[in-house]
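Worksheet: one structure, shown below.
The values are calculated or read from the model by the stated rules, or taken from the named source; none is laboratory data. Source: prediction; values computed, not measured. Here Cβ is always computed from backbone atoms with ideal geometry, including for glycine, and neighbour counts include all displayed protein chains. The area values use the complete protein model at the heavy-atom level, side chains included, leaving out ligands, DNA and RNA. Shrake-Rupley method; radii C 1.70, N 1.55, O 1.52, S 1.80 Å.
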Amino acid sequence: MGEVLEKETASSGVHANFSKDDETPTGTCAVVVVGKERSLCANIAAAAKYPTKHLEDSMAYLEKATFIYSTSFFITSNFEALIKIGKYCAENNKPFGYNLSAVFLLQFFKDQLMEALSYSDYTFANEDEADAFAKAMDQEGADRTKVAEMIVKSPKVNSKRNRVAVITQGPLPVIVARLDDKGEVEIKNYEVPALEDEKIVDTNGAGDAFVGAFLAKLLEEASFDECVDAGIKLSGMIVQRSGATFPETA
């Protein structure tokens with residue numbers, strides 16, 4: 001699987017700087033799709049053994065990066081490395097994107113997740129993760145607009161950047177919350193065009209597609225409206241295909 005990752009990233013024009021462990025296989029994930037719903041079963045294998053030294057030897061890549069992004073899954077790979085990345089971003093005023101990633105991380109790694117969140121400038125979550133965040137904050141059942149506000153107002157290390165929180169909700173509106181320069185929270189909802197039920201094939205990868213398109217437009221200095229629109233469009237393509245794939249013309 002490691003060779004497949006190297007081949008696919010290279011063919012896509014992505015420079016991948018992999019950490020390699022000679023004794024542990026590359027992690028894998030099985031996806032079970034029943035109807036329109038999916039369930040994941042992962043064997044993270046080598047991903048659980050990421051060495052801090054690899055990060056330290058790779059800091060030149062972070063220095064060249066315009067934007068740095070991580071999922072909360074990295075908590076189980078190497079929490080120390082994740083915090084080092086967050087601190088580097090804060091100290092150098094480099095934008096850091098962070099994804100809440102999964103409900104179980106809020107259930108079992110709340111303290112670590114919240115520490116990593118304190119370095120985040122752009123935070124992403126889906127509806128299940130937003131609900132789990134509310135529960136972890138003793139606000140179970142809170143409206144997701146309120147959850148977005150809670151995320152935006154969570155403690156933050158880099159005061160030079162106001163945090164933006166983005167919550168996707170499947171077919172329901174995307175919620176974007178951000179602080180203005182006066183410390184007031186601005187909330188905006190973005191409608192998601194309805195898809196006929198028969199067009200939905202597989203929702204796996206839809207959230208990552210949204211974030212990828214959102215960040216791609218953000219790096220083009222597009223407006224938040226354009227960033228969200230791009231995310232909605234690409235995730236809409238993903239759910240109409242089997243697996244996390246999209247047309248070459250996407």
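Computed about the Cα centre, the dipole magnitude for the chain is approximately 460 debye when only Lys and Arg (+1) and Asp and Glu (-1) carry charge, each at its Cβ. Between the range 183-243 and the range 34-101, the alpha-carbon centres lie 22 Å apart. May I ask you to list the residues of the range 31-72 whose amide nitrogen lies under 16 Å from a point 7 Å from Cα along the Cα→beta-carbon direction of LYS87? Backbone N within reach: 52-59. Each Lys and Arg Cβ is given +1 and each Asp and Glu Cβ -1; about its Cα centre, the range 49-90 then shows a dipole of about 60 debye. In sequence order, the range 164-172 has phi-based couplings of 10, 10, 10, 10, 8, 9, x, x, 7 Hz under the Karplus curve 6.51 cos²θ - 1.76 cosθ + 1.60, θ = phi - 60°, and Gly or Pro positions carry x. Based on the reciprocal of the average 1/r between different C-alpha atoms, the Kirkwood radius for the chain equals 19.1 Å. For the chain, carbon and sulfur atoms together expose 51% of the accessible surface, with a 1.4 angstrom probe and every protein chain in place. Normalised by the number of residues in the chain, the mean separation of alpha-carbon contacts (under 8 Å, six or more apart) gives a relative contact order of 12 percent.
Take 34-42, 82-90 and order them by the average number of nearby Cβ atoms within 10 Å per residue, most first; the result is 82-90, 34-42.
Amide H contacts under 5 Å for VAL164: TYR122, THR123, restricted to partners 5 or more places along the chain or on a different chain, H placed in the peptide plane at 1.01 Å from N. Working ranking of peptides 46-53, 102-109 by packing, defined as the average number of other Cβ atoms within 10 Å per residue, highest first, is 102-109, 46-53. Just want the answer: with Cβ charges of +1 for Lys and Arg and -1 for Asp and Glu, which residue in LEU219, TYR61, ILE187 is farthest toward the dipole's positive end in the chain? Positive-most Cα among the choices belongs to TYR61. Positive end of the dipole of the range 22-103 (Cβ unit charges, origin at the Cα centre): among THR76, THR28, PHE96, the Cα lying farthest that way belongs to PHE96.
One chain, two ends: ASP197 and LEU219. Fully extended at 0.36 nm per residue, the span grows by 4.6 nm beyond their Cα-Cα distance. Positive end of the dipole of the range 5-130 (Cβ unit charges, origin at the Cα centre): among SER11, ILE85, GLN112, the Cα lying farthest that way belongs to SER11. A cut-off under 10 angstrom between Cβ atoms defines the neighbours of GLU226, and their net charge, with Lys, Arg +1 and Asp, Glu -1, is -3.
Accessible surface for the range 61-188, divided over its residues, is 48 Å² per residue with a 1.4 Å probe.
Rounded to the nearest 0.05, the FRET efficiency derived from the C-beta distance between LYS53 and CYS29 at R0 = 45 Å is 0.95. Under the convention that each Lys and Arg Cβ holds +1 and each Asp and Glu Cβ holds -1, the size of the dipole of the range 141-217 around its Cα centre is about 640 debye. Working from label points 7 Å from Cα in the Cα-to-Cβ sense, the GLU37 to PHE73 distance is 2.2 nm.
PRE reach from VAL4 (point 7 Å along Cα→Cβ): which of the range 26-48 fall under 18 Å by backbone N? The answer is 26-33, 39-48, whose backbone nitrogens lie closer than 18 Å to the label point.
Once the Cβ-Cβ distance of ASN162 and GLN107 is raised to the sixth power relative to R0 = 30 Å, the FRET efficiency obtained is 0.55. Summarising the strand pairing of the chain, around 60 percent of its internal DSSP beta bridges are antiparallel.
Taking amide H positions as modeled 1.01 Å from N, with prolines and chain starts lacking one, the residues under 5 Å from SER70 and 5 or more places away or on another chain are GLY97, TYR98, ASN99. Each of the peptides 130-138, 5-13 was scored by the mean count of other Cβ atoms within 10 Å over its residues; in descending order, highest first, they stand as 130-138, 5-13. Whole-Hz Karplus values for the range 46-51 come out as 4, 5, 7, 10, 5, x Hz, taken residue by residue from phi with 6.51 cos²θ - 1.76 cosθ + 1.60 and θ = phi - 60°; glycine and proline positions read x.
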